[in-house]
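Here the structure is laid out as structure tokens; the discussion comes afterwards.
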Amino acid sequence: MAISVVMPALEMAQDSGKLVSWLKQEGESVRKGEMLLEVETDKAVVEVEAAADGILAGVTAKPGDVVHVGHTIAWLVQPGEAPPAAVSQPVAAASAAVASSVAAITSVSAPARGAARISPKARRLAQEKGVDISRLTGSGPGGEILADDILAAAKGSDPGDAATQHLESTHHRGLTPTISRLMAERTTQSWTTVPHFFVTRDVDAGALNEARQRVLPAIERSHRVKVTHTDLLVAIVARTLGKHPRLNASWTPDGIVQHDQMNIALAIGVDNAVVTAVIPNADRAALGDMAVRRRELAERAQAGRLQPADIANATFTISNLGMFEVDAFTAIIVPPQAAILAVGAITERVVAVNGQPAVRPMMSLTVSCDHRVVDGVRAAEFMRDLASAIRSPQL
């Protein structure tokens, strides 16, 4: 029985996706769970697994096509079986700006069996630079070919200008032009259509620091991972959301939808870009397991290898710029989520304690809310309870 391969929905508000490449050639056998294709959304390039065993056949979409979610783009058939008759399906027309960048992208052949793995960024870069990847030995884990390997090979054949090489390296390790455009469109749409308002609290983080020193060394030893302040905040925020379901909701054309799960998305900085990846059920996850998940997400984001489950079904986002010594900022909501929390650095400040000046480690938190879902009182109550939880962390 033929199984359809459809353009997947990788994000809550996604209506189409761009096919970056097929990781298998038409006519090649595929095993369930093997990576079959790469899809580009406004957040990441994601490798998508095959849903069943079969032979890839009846491919109707080529690299560069922007296809509506749910539309069949190929089939997985059994030996001797023909794919169903082609059905006319609309392919979303790309804008002129997208078309100009897509024009330089040609079909990328899947690696031969036994060939070294290559990261998605490196594969696209090799195509643009004209580098023969079959002649390369990758420097990544297991011999994986990375973008830097491609740049080194390209530089060896055409040295060029050092400044140009640096700029090209920075560009390709960041977002592609299409992702940059889509991110800009999504951000503009959120800012211009979602009625934002902001609530800020300064919180004494002394107890949070003490808890980290007292409790976390044992967790770090058992899980072999460094537990960060972001991990602590994810746990505390997720539990606080349980008391404030409107902050863990979404605005839809049919009204407000409240979510049962607390799936916390983290804004992760990669070269020249920011992506978001999700820690599911963060209110129930053990702190050590959460830290391991966060580290794995960051590593996959840096390598451009986020999976569909890594970016799906977020209900609330945290953006922490404290490590960059930012005191405070406001963040733009990621639709259809109702809120996002911006976290500043923990810095020593002179504050009043029992009527006397004292130096305390303080942290500024700002929640951005969709006023269609959350009113000022609900936002203030959430921030009050969040500040209380940070002052008396139960880890």
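Residue 58 meets the conditions (1) loosely packed, with under 14 Cβ neighbours inside 10 Å; (2) of a type outside the set (A, V, I, L, M, F, W, C); (3) modelled with pLDDT of 90 or more in every case but one. The failed one is (1). Would a scan of region 373-392 turn up a residue that is loosely packed, with under 15 Cβ neighbours inside 10 Å, in contact with a Pro (Cβ under 8 Å, 6 or more places away or on another chain) and not hydrophobic (A, V, I, L, M, F, W, C)? No, region 373-392 has no match at all.
The values are calculated or read from the model by the stated rules, or taken from the named source; none is laboratory data. Computed from a predicted structure; not experimentally measured. Cβ sites come from the backbone with ideal geometry, for glycine too, and all protein chains shown count toward neighbours.
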